[in-house]
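Below is one structure, written out as structure tokens; the observations come after it.
The values are calculated or read from the model by the stated rules, or taken from the named source; none is laboratory data. Predicted model, so just to flag it, every value in this text is computed and none were measured. Backbone-built Cβ (ideal geometry, glycine too); neighbour counts: all protein chains shown.
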């Protein structure tokens, strides 16, 4: 990843210019996704994402991977696609085989709702980070822990509220504080095995999945 902040400014400027252009007939993403696309790219290139570096099992997430997702979202010629489905029922966001689906068309200006939207975006983009490494095989539970942790760590880095009082959320908040301290020192934070075990138990129960279920990176 380049250390030159001008590189990120150039990418943002180009993305903003490109997303302002009308899509031509036959392109895959509807025109109403353009504002959200630019907001996602903006989040991925901000310091809160670019400073991240953490590990869950064999899942390593860092700013360079979020930058790859941002580059793959650039329009035109993007490799990752966006759909907006206000009737999305199971979750407010999903990532599946190179396609993001969100229940919202933009990040809300209301603090709590905006924080929730941002967390959802980073959660799904963290899944895309895992998918980026073609052939990488990871436990589905580790993939989900990384996504949940990435979303909360982003909120911590941006100084946004981390909602929820359940033990799951309390654990993530405490871990995010430790990770942020490590990251600002340029260190990679490894989630402790005891924390991973507790979070994994919560995810298996909530998602109704097997602990042995695996995901394989498809690349993009």
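Taking the condition at pLDDT 95 or above and within 23 Å of residue 51 (Cα to Cα), does residue 139 pass? No, not satisfied. Being in contact with a helix residue (DSSP H, G or I) (Cβ under 7 Å, 6 or more places away or on another chain), closer than 28 Å to residue 37 by Cβ and touching a residue at least 12 places away in the same chain (Cβ under 8 Å) is a property that does not hold for residue 209. Taken together, the residues in the range 121-142 that are over 18 Å from residue 82 (Cα atoms) and surrounded by 23 or more Cβ atoms within 10 Å (Cβ to Cβ) amount to 1.
Every condition in (1) at pLDDT 85 or above; (2) more than 13 Å from the chain's Cα centre (by Cα); (3) surrounded by 12 or more Cβ atoms within 10 Å (Cβ to Cβ) is met by residue 118 except one, and the failing one is (2). For the range 90-114, the set of residues classified as over 22 Å from residue 142 (Cα atoms) and within 13 Å of the chain's Cα centre (by Cα) consists of 102 only.
Let's see how each residue does on (1) in contact (Cβ under 8 Å) with a residue 12 or more places away in the chain; (2) surrounded by 14 or more Cβ atoms within 10 Å (Cβ to Cβ); (3) outside any helix (DSSP H, G or I); (4) over 19 Å from the mean Cα position of the chain (by Cα):
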{"residue": "172", "(1), (2), (3), (4)": "yes, yes, no, no"}
{"residue": "180", "(1), (2), (3), (4)": "yes, yes, no, no"}
{"residue": "187", "(1), (2), (3), (4)": "yes, no, yes, yes"}
{"residue": "204", "(1), (2), (3), (4)": "yes, yes, no, yes"}
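Taking the condition over 23 Å from residue 116 (Cβ atoms) and out of contact with any strand residue (DSSP E or B) (no Cβ under 7 Å at 6 or more places or on another chain), does residue 192 pass? Yes, satisfied. Looking at the range 41-154, the strands (runs of 3 or more DSSP E) lying wholly inside it that each contain 1 or more residues that are farther than 30 Å from residue 186 by Cα sit at 81-84, 93-96, 99-102.
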